[in-house]
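Step one of this worksheet: look at the structure below.
The values are calculated or read from the model by the stated rules, or taken from the named source; none is laboratory data. Here the structure is a predicted model, which means the values were calculated and not measured. Ideal geometry is used to build each Cβ from the backbone, glycine not excepted, and the neighbour counts take in all protein chains shown. Please note that ligands, DNA and RNA were not included when accessible areas were found on the heavy atoms of the full protein model with its side chains. Shrake-Rupley method; radii C 1.70, N 1.55, O 1.52, S 1.80 Å.
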Amino acid sequence: MAIVAPQVRKHLSADALFHLVRSGFASLPDHRLDDIDISLPDALMSAFAMFSLKAPSLLAFDKERAEGNLRTIYGIARVPCDTQMRAILDPLSPKVLRPVFKSVFRQWQRGKALEPMTFLDGHYLLALDGTEYFSSKTIHCASCLHKVHRNGSITYFHQLLGAAIIHPDLRAVIPLMPEPIVRHDGTAKNDCERNATKRFVAKLRQDHPHLKFIVTEDSLSANAPHIETLHEYGLHYILGVKAGDHTYLFQQVQAAEHAGHVTAYERHDRAAGRVHRFRFLNDVSLNASNPDVRVNFIEYWEISDDKVQHFSWVTDLRVNTRNVFHLMRGGRARWKIENETFHTLKNQGYNFEHNYGHGEQNLSVVFAMLMMLAFLVDQAQQVCCALFQAVWAKLGSKRLLWERMRALFYTYALVSMRQLFEALFYGLQKPTPVFGVDST
Ligand SMILES: [Zn+2]
C-alpha cells in the first residue's frame, strides 16, 4: 500500500517559519559599531537553531558544527563559536525580539489556523503565570534579581511572566513573547510579577489591539488594582480565589447563600462517574476596601468515587447555568501554562533551566526569549503540520522525536525541514553497500 504524504499548512511549516524568523532577525539594528565578524542575524539564528534542535548545551551545539544544514535549513551564513555567540547576544536588549514573535503569531492568524483556539464568543483564553528559570549563589548578571539571606549570602535568580493562548480541549498552546522579570538599569529594587504583568498587558494591547481575550491567572492576581488594569485594557478575566486570601468575598457568598441569593447547579457525568457541583453569585464586591470592584463568583466541586476537587474563581463575565460549566473549564485550563508550557520547556528537551551561558548583561534573558520563540514555532508544527504529527505519533514521544531529528540533522546533508520530517516518517533509503569482489 502506498503511503500518502501528510499535508502541511505551508505558511506554518517549519521551513516557512524559519525563513520568517530569519528575516525578522535581519531587520534588527546591530548594536555593534565595528569588528563585525559574525552578523547579528547569524548569531541570533544560531541560538534559535540551538533551541530548535534542542541541543543539550551551547558547547554540544558548537561541537557538532553542522554548518551545511545550518546554512540550508536555518539560513545561517556563518555559525559563531560559543564565545562569539555569547559576546554578540549579551548586550542585546531582549525587547527588540518582540516584532519577531508578532510576525510568527500573524501566521497563526492567517488561514484560520487560530480559530480552533477560540474559547467563548470569539474570545481567546490567555493564561499568564510567573516562573523562575535560573537560580545561583555565584553566577549573576546585571539583570539578575537578588535575594539577600540573613547570613549575608545572596541568591541570584531570573523569572519571567509567561503568557500563552490555551484551550481546555487542546493540548497545544500558543506562547506570546514573555515579559522578563528583571532588575532594570539603575534601580536597586527587584522587579516583581505584578509590575511585569502591567507591562505585559500594555504591550499585548499595542501588539493586538483588536483581539478579544479572557485572561486566566492564579489567586495572587485576584486583587483590585490588577482587575482594574485588566478592565482598563479591555481584557476579560477568570481568576482563581482562595477562602484564606479572600475572606470577605467568601463571607459575602455565605451570607448570600443564607438569604437564598446563591444559585446552585449540578451536572452528572455518569459515564465518567463524576458529579460537577457549582454555586455562583453575580455582582459582589471583591473585598471590603474596594467595594466598587464588583465581580462574579464561581465555586466548584468535582466529585468522583475516590476524591473531591475544589476550585473557586471570580470573573467579570456574568455567570448563569448555561455558561458556568464552560467558565469552569476555562479556569481549570490555567494549569496548561504550567504543564504544557513551563513543564515542557523544563523537561521535554528544551532545557529551560540549563545554563547555556549567563552573560553579564542580557544573555540569560535573550536565550530565554529565543527558547520561547523556538517553542512557538514547534507548537505551530504540533497543531498545523500533519507530517510532524505523523512523525510524533510514529515515534511515540517528543524526546525521541528531537533525538532522531538531531541525529539526521548532524549526519546527512538536507535541503529542508520537510525533507528531514519525511525521512523520519518514511525512513531513510539507505544505499546498499557495494563490495568489490576479489576474483583472483
Ligand atoms: Zn542574571
Looking only at strands (runs of 3 or more DSSP E) that fall completely inside region 119-209, which ones have 3 or more residues that are of a type in the set (F, W, Y), open to solvent by 20 Å² or more (accessible area, probe 1.4 Å) and on the phi < 0 side of the Ramachandran plot? none
With the condition kept exactly as written, say whether any residue in region 167-183 is within 10 Å of the ligand (Cβ to nearest atom), over 13 Å from the mean Cα position of the chain (by Cα) and charged (D, E, K, R). yes
Out of N320, N347, N282, I need the residue that is farther than 21 Å from P168 by Cβ and either at pLDDT 95 or above or surrounded by 20 or more Cβ atoms within 10 Å (Cβ to Cβ) (or both). Which one? N282
The one condition G396 fails out of (1) touching a Phe, Trp or Tyr at 6+ places or on another chain (Cβ under 9 Å); (2) open to solvent by 10 Å² or more (accessible area, probe 1.4 Å) is (1)
Right, R106: in a helix (DSSP H, G or I) and more than 16 Å from the ligand (Cβ to nearest atom) or not? yes
Unique match (being in a helix (DSSP H, G or I), surrounded by 13 or more Cβ atoms within 10 Å (Cβ to Cβ) and away from the ligand (no atom under 16 Å from the Cβ)) among V100, V79: V100
The listed residue being under 25 Å from the mean Cα position of the chain (by Cα) and at negative phi, out of L53, L33: L53
Which of the residues belonging to region 219-237 are open to solvent by 40 Å² or more (accessible area, probe 1.4 Å) and out of contact with any His (no Cβ under 8 Å at 6 or more places or on another chain)? L220, P225, E228, H231, E232, Y233, G234
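Go through A272, A288 for me and flag whichever is under 34 Å from the mean Cα position of the chain (by Cα), surrounded by fewer than 18 Cβ atoms within 10 Å (Cβ to Cβ) and outside any strand (DSSP E or B).
Working: A288 fails: under 34 Å from the mean Cα position of the chain (by Cα).
The match here is A272.
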Being touching a Leu at 6+ places or on another chain (Cβ under 9 Å) and either assigned to a strand (DSSP E or B) or of a type in the set (A, V, I, L, M) (or both) is true for just one of Y265, Y237, Y248. Which residue is that? Y237
Go through region 291-311 residue by residue and tally those that are without any contact (Cβ under 8 Å) to a residue 24 or more places away in the chain and either open to solvent by 50 Å² or more (accessible area, probe 1.4 Å) or of a type in the set (A, V, I, L, M, F, W, C) (or both). 8
For V319, all conditions in the list (1) under 30 Å from A55 (Cα atoms); (2) touching a residue at least 24 places away in the same chain (Cβ under 8 Å); (3) more than 16 Å from the ligand (Cβ to nearest atom) hold save one; what is the number of the exception? (1)
Residue, farthest from the ligand (Cβ to nearest atom), within region 334-366, restricted to residues that are of a type in the set (A, V, I, L, M, F, W, C) and more than 14 Å from the chain's Cα centre (by Cα): V366
Only one of (1) within 16 Å of the ligand (Cβ to nearest atom); (2) among the aromatic types (F, W, Y); (3) in contact (Cβ under 8 Å) with a residue 60 or more places away in the chain fails for Y124. Which number is that? (1)
Test I214 against the stated conditions and say whether it is part of a strand (DSSP E or B) and over 28 Å from H358 (Cβ atoms). yes
Tally of residues being of a type in the set (S, T, N, Q) and in contact with a His (Cβ under 8 Å, 6 or more places away or on another chain) across region 169-217: 2
Does region 372-385 contain at least one residue that is of a type in the set (D, E, K, R) and open to solvent by less than 30 Å² (accessible area, probe 1.4 Å)? yes
Restricting to region 42-93, name every residue that is within 21 Å of D378 (Cβ to Cβ) and of a type in the set (S, T, Y). S46, S52, S57, T72, Y74
